[in-house]
Every structure is written in structure tokens, then in C-alpha cells.
Amino acid sequence: MMLDRPVALVTGASRGIGRACAVELARNGFDLAVNYLADQAGALETVRLVGEAGGRAVVLQCDVSIHDAARQLVLRSEEQLGPVEVLVCNAGITRDALLMRMSEDDWDHVIYTNLKGVYNVTKWAVRSMARRRSGRIVNISSVVALRGNPGQSNYAAAKAGIIGFTVSLAKEVARYGITANVVAPGYISTDMTDNLPPDVKEALEGQIPLGRPGTPEEVAYAVAFLSSPQAGYITGQVLPVDGGLSSGFIL
Ligand code: NAD
């Protein structure tokens, strides 16, 4: 029975939004390839939660910013679980600084992880999707790509790049029955945002029409929908999950 479950690969799934996506996809009938960078214990906890949600999972270490490592990630996932039907490119980092003080390393690290990482993993996953004429790609951007944010020019550039990448890819692979979409979270309570100073958190919450941060699960519901058969006619789109923060912005 388990062998019939399709496979989803989620990058950066050892915590936060990636973990929530893995668990929600398991609830929706997928087995999971749980990618992590360094936190193996976190990845194993995701595996446990996926199991509780009815899915089978394997953990796969990989730095998505390294091209050949990403190729191995997809190959190992396919060897261990079967073809990747759903790819969620979630891995991401911040290295915030005002541009005049931003080091080349801060720039490169964010672009290589957040943008090149998406190219790296997607390139290898999409090949077998094309052969099978089936697949769903969901890339995690950010409302910062749409609105900008002081101190995050590197992050905003990478996240805006993900949108251009995904919209182009959607047009390339539609003929194979593959969809590619973007989810753009707003301010979500995770380890990434926990360290923000209290006054910054308060100011952010003040800008959100729904008046509160989102949860990783609320992002995961959108990712799971875009990964589902019911979303088969939606491609090349950007879905903000942000409590209304970006509403009124025309893409
Ligand atoms: P997080 O820091 O909790 O999780 C990010 C995950 O990515 C971690 O598991 C980390 O180990 C992994 N990762 C980092 N570099 C990696 C690499 N080179 N290779 C593989 N994995 C790597 O953050 P989160 O809040 O869960 O964010 C998940 C995604 O959502 C990120 O892309 C982030 O930019 C995006 N996002 C988050 C928010 C927010 O408010 N939390 C808002 C908008 C977008």
C-alpha cells in the first residue's frame, strides 16, 4: 500500500516552514524526502512527524547551493523512494545588512543558497518529471520580493529571482503536464523570524491587515494545495500567504 504513495522532496525540511510542508504533504498522501543541511536531529523529528501523519520518509543531507550535491540529492531521493512527483524548494537563509555595509560574502551566500539552490535542485528534479509527463514544483519566495525591505537587498533579489525563474519554468514545462508555482509567505513565526527585535516584530504586525504573524502550517496548506491534483490548471502563479500584507500590489 505504501509503495503506491507519490513522493515529495522538500528542501530545508528540518524545521519551520519546510517541516510543516513535509507533514502536510504526508497528510495528503505523499512519502517524503526530507532534505537538511546540518541539523540531522531536526530532520529525524520531521521524519517522526511525517510517520504520524501516515507517510514514509527518508532524510537526505545536502547543501542545495552546490550544484552536484543537488543532483545527488535528487538521485538519492529517487533511488530510496521513487520518482519525485512534488518538489518544494524551501531552503533559505537571511544575511541582513544595509547595502553600503553588505559584504560580498553576505550577498553571495544568500544568492547561492536562496536562488541558485532553487535552480540546482529544480534542474535535476524536472528531468524525470518531464520523462514521466507529470509533476508539481512549488518554490518558496517571500513578500519581500514584492515589497522590498531595508537591509534585505540580497534576500529580496534572490526571492524576486525565484519568481522570474518559476514563471519562466512554468512556460517551459507546461507541455509535459508539469506545473510550477510560487508561494510568497509574509511574516511567519519560525526560527528565522524569532530573533527579530521586539519593536521590529511589533511594527511588522502593525502592517498586517489580519494583525498577527502567520504559522508555518498556514504556509504548508497553500503548498499542499498547489501540489494537489485539484491545482492542475494553476501554473506560473504567485500566491502570497501573508495575512493581507501584500494585498493591493499588482504583480
Ligand atoms: P528556517 O530558518 O526555520 O528554515 C530554513 C531551512 O533551510 C532550515 O532548515 C535550514 O537548515 C535550511 N537551509 C538553509 N540553507 C540551506 C542549504 N544551503 N541547503 C539545504 N538547506 C538549507 O526558516 P523558515 O522561516 O522556515 O523559512 C523557510 C523558507 O521560507 C525560506 O526560504 C524563507 O526565506 C522563506 N520565508 C520565510 C518567512 C518567515 O517569515 N519565516 C517569510 C517569507 C519567506
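The values are calculated or read from the model by the stated rules, or taken from the named source; none is laboratory data. Note that the structure is a prediction, hence the values are computed from the model and not measured. Cβ coordinates were reconstructed from backbone atoms using ideal geometry, including for glycine residues, and neighbour counts include every protein chain displayed. Please note that ligands, DNA and RNA were not included when accessible areas were found on the heavy atoms of the full protein model with its side chains. Shrake-Rupley method; radii C 1.70, N 1.55, O 1.52, S 1.80 Å.
Going by alpha carbons, how many degrees (0 to 90, nearest 10) lie between the helix axis of 153-173 and the longest principal axis of the chain?
For 153-173 against the chain, the angle is about 40 degrees.
Please work out the average accessible area per residue across the range 1-131, using the 1.4 Å probe convention, and give it in Å².
That works out to 46 Å² per residue.
Determine which lysines satisfy two conditions relative to residue 171: a Cα distance under 23 Å, and not lying fewer than 8 residues away in the same chain.
116, 123, 159
Which value, in debye to the nearest 20, describes the size of the charge dipole of the chain about its Cα centre when Lys and Arg Cβ atoms bear +1, Asp and Glu Cβ atoms bear -1, and nothing else is charged?
That gives a dipole near 960 debye.
Count the net charge of all other residues whose Cβ sits under 12 Å from the Cβ of residue 193, scoring Lys and Arg as +1 and Asp and Glu as -1.
Here the count lands on -3.
So if we plug the beta-carbon distance of residue 189 and residue 131 into 1/(1 + (r/R0)^6) with R0 = 51 Å, what FRET efficiency do we get, rounded to 0.05?
E(calc), rounded to 0.05, equals 0.80.
Please give the net charge around residue 177, taking every other residue with its beta carbon less than 9 angstrom from that of residue 177, where Lys and Arg add +1 and Asp and Glu add -1.
+3
Whole-Hz Karplus ³J(HN,Hα) for the range 89-101, in order, using 6.51 cos²θ - 1.76 cosθ + 1.60 and θ = phi - 60°, x for Gly and Pro?
So the Karplus estimates, Gly and Pro as x, are 8, 10, 4, x, 9, 10, 9, 6, 6, 4, 3, 5, 10 Hz.
Heavy atoms only, probe 1.4 Å: what % of the accessible area of the range 144-251 goes to carbon and sulfur, would you let me know?
Result for the range 144-251: 57 percent of the exposed heavy-atom area is carbon or sulfur.
Can you give me the accessible area per residue for the range 148-194, using a 1.4 Å probe, in Å²?
Each residue of the range 148-194 exposes 37 Å² on average to a 1.4 Å probe.
How much accessible area per residue does the range 198-243 have, counting only protein heavy atoms and a probe of 1.4 Å, in square angstrom?
Per-residue value: 58 Å².
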